[in-house]
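Written out below as structure tokens is the structure these notes cover.
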Amino acid sequence: MKILWLVSWYPSTLHPFDGDFIQRHAQAAALFTEVEVLHVVKDSKGIETQTIKETVHVNEKLTERIIYYKPFKTSIQIIDRLLSHLQYKKICRAALKNYVVKQGKPPFIHVHIAMKAGLNALWLKRKYNVPYILTEHWGGYLPTAAPNINDYNFIYKYYWEKIITNAMASTYVSDFLKNHLMHVYKVDNCVLIPNVVNTDIFYPSPKLPYDKIRFVHVSIMTYQKNTEAILAAMALLKNDFAFELYLYGPINSSLQRLIIKLGLQHEVIVKGEVAQPILAKLIQQSDALILYSRYETFGCVIIEANACGVPVIVSDLTVFHEIVNEGVNGFFVEGENQVALAEKLKQFILQKNTFDKMAIASHAAEKYNYKKIGQQFADLYMKLYN
């Protein structure tokens, strides 16, 4: 059995970290069944192509087909968006037709992130009577998210609902997200399949002697991640403890200015976006990871840190209680309260040696490894196929 994946987000040469958690899901599933990923990417600046370019990468049972296209431009924004959407639709549907001609109709396809790959799944279902599964990660369904689904126009919301409610089955990365969407869209046949951690990269390693506490924060540095509050809490600590905070992710100019304003130039080290093997080496040498998000649907960096034996300090979100046990693999702290965060960081510094790092790593590796998650996808595929 071969499963065709239609993905809205996926790593490419233009966006190497976009949807990398979906790629890890694909790698896990491909341990048990053949998977072909189809992803269509807009190349606005013509970096990869001036027209259309297709790349195919095959690694054992996983085939990744990435199609780049340069959109037509008229300098009128609304028209350019429409033309780009029409190009995307035409290219994706042509690729799907070609797949059916060469390989036959798949038993079903697997959509990752409803919008906008799910639009093509609806078309394939209508044209070829091929059903689809939906896996969702997106945090924009949550009412606390900014932006969220309610910020889109009624046409988008109509098709979002259509994609979700027409899926033959759905998987979600957390019970929190699953229960929310089951309530909002009145869907059933939903299962939990969490994100995955690459234990070949993220594993415990002896920590080298160091005279400072080392914290790490990994995120896209947007409103969701609340990095500003982490910096504010660090400013409250700087006169009492010797520490460093490593920031991994796209740093914007406002964060750079805030670091200077708070006098944290010597404590905060900005590293930008890096590949996972590089990130893992730094996490292994850290004392704790901080993730002080305003909302989340999972939290991949939590299980990556835990797989290295590193505890986490996280905002007290319902979804994080599915991953973190207080005092066992991390600490919770009240959200939107930089003073409370600073106090929790102090508590961690005083108690950091009480964490059993090998037990933390063992639990994360057992629960979120590639084989465990890949088997869950394979079991779902066989259940639906039979």
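No other residue among Leu341, Leu384 is more than 24 Å from Val35 (Cβ to Cβ) and part of a helix (DSSP H, G or I) apart from Leu341. Of all residues in segment 219-265, those that are among the aliphatic types (A, V, I, L, M), in a loop (DSSP other than H, G, I, E, B) and over 28 Å from Asn148 (Cβ atoms) total 3. Cβ-Cβ distances below 6 Å connect the following pairs, each with a first residue in segment 146-160 that is free of Cβ contacts under 8 Å to residues at least 24 places away in the same chain, a second residue that is part of a helix (DSSP H, G or I), and a separation of six or more residues or different chains: Asn148/Gly140; Ile149/Gly140; Ile149/Tyr141. Is at least one residue of segment 364-373 under 23 Å from Thr135 (Cα atoms), at pLDDT 95 or above and part of a loop (DSSP other than H, G, I, E, B)? Among the residues of segment 364-373, at least one is under 23 Å from Thr135 (Cα atoms), at pLDDT 95 or above and part of a loop (DSSP other than H, G, I, E, B), which makes the answer yes. Would you pick out the residues in segment 311-338 that are more than 19 Å from Arg24 (Cβ to Cβ), in a loop (DSSP other than H, G, I, E, B) and in contact with a helix residue (DSSP H, G or I) (Cβ under 6 Å, 6 or more places away or on another chain)? Scanning segment 311-338 gives Asn329, Glu334. Note on segment 96-109: residues that are crowded, with 20+ Cβ neighbours inside 10 Å, out of contact with any strand residue (DSSP E or B) (no Cβ under 7 Å at 6 or more places or on another chain) and not hydrophobic (A, V, I, L, M, F, W, C) total 0. In segment 287-329, the residue that is farthest from the chain's Cα centre (by Cα) out of those that are crowded, with 21+ Cβ neighbours inside 10 Å and at positive phi is Gly309.
Counting residues in segment 110-133 that are surrounded by 13 or more Cβ atoms within 10 Å (Cβ to Cβ), at pLDDT 95 or above and either at positive phi or in the same structural domain as Tyr223 (by TED's automatic domain parsing) (or both) gives one or more. Scanning segment 31-53 for residues that are free of Cβ contacts under 8 Å to residues at least 24 places away in the same chain and under 21 Å from Leu4 (Cα atoms) yields a count of 1.
Of all residues in segment 146-163, exactly one satisfies the criterion of being outside any helix (DSSP H, G or I) and hydroxyl-bearing (Ser, Thr, Tyr), namely Tyr152. Assessment of segment 229-241 against the conditions (surrounded by fewer than 16 Cβ atoms within 10 Å (Cβ to Cβ) and β-branched (Val, Ile, Thr)) yields no matching residue. Against the list (1) assigned to a helix (DSSP H, G or I); (2) touching a residue at least 60 places away in the same chain (Cβ under 8 Å), the condition Gln347 fails is (2). Within 21 Å of Leu119 (Cα to Cα), buried (at least 18 other Cβ atoms within 10 Å of the Cβ) and of a type in the set (Lys, Arg): is that true of Arg24 in this structure? Against the criterion (within 21 Å of Leu119 (Cα to Cα), buried (at least 18 other Cβ atoms within 10 Å of the Cβ) and of a type in the set (Lys, Arg)), Arg24 does not qualify.
All of Lys70, Lys2, Lys89 fail the test of being more than 22 Å from Gly374 (Cα to Cα), surrounded by fewer than 17 Cβ atoms within 10 Å (Cβ to Cβ) and of a type in the set (D, E, K, R), apart from Lys89.
The conditions are (1) of a type in the set (A, V, I, L, M); (2) outside the structural domain of Glu322 (by TED's automatic domain parsing); (3) under 21 Å from the mean Cα position of the chain (by Cα), and Met168 fails exactly one of them. Which is it? Status for Met168: all satisfied but (3).
Among the residues of segment 164-183, are any part of a helix (DSSP H, G or I) and farther than 26 Å from Asp379 by Cα? Within segment 164-183 (the criterion being part of a helix (DSSP H, G or I) and farther than 26 Å from Asp379 by Cα), the answer is no, since none of the residues qualifies. So which residues in segment 75-89 are more than 20 Å from Tyr132 (Cα to Cα), in a helix (DSSP H, G or I) and of a type outside the set (A, V, I, L, M)? Within segment 75-89, Gln77, Asp80, Arg81, Ser84, His85, Gln87 meet the criteria. Within 27 Å of Gln23 (Cβ to Cβ), of a type in the set (Phe, Trp, Tyr) and out of contact with any Pro (no Cβ under 8 Å at 6 or more places or on another chain): which single residue out of Tyr210, Tyr248 fits that description? Matching residue, one of Tyr210, Tyr248: Tyr248. Looking at Lys45, Lys105, just one residue is closer than 24 Å to Pro16 by Cα and assigned to a loop (DSSP other than H, G, I, E, B), and that residue is Lys45.
The values are calculated or read from the model by the stated rules, or taken from the named source; none is laboratory data. It should be emphasised that the depicted structure is a prediction, and the values quoted were computed from it without experimental measurement. No Cβ is skipped: glycine too gets one built from the backbone with ideal geometry, and neighbour counts run over all protein chains shown.
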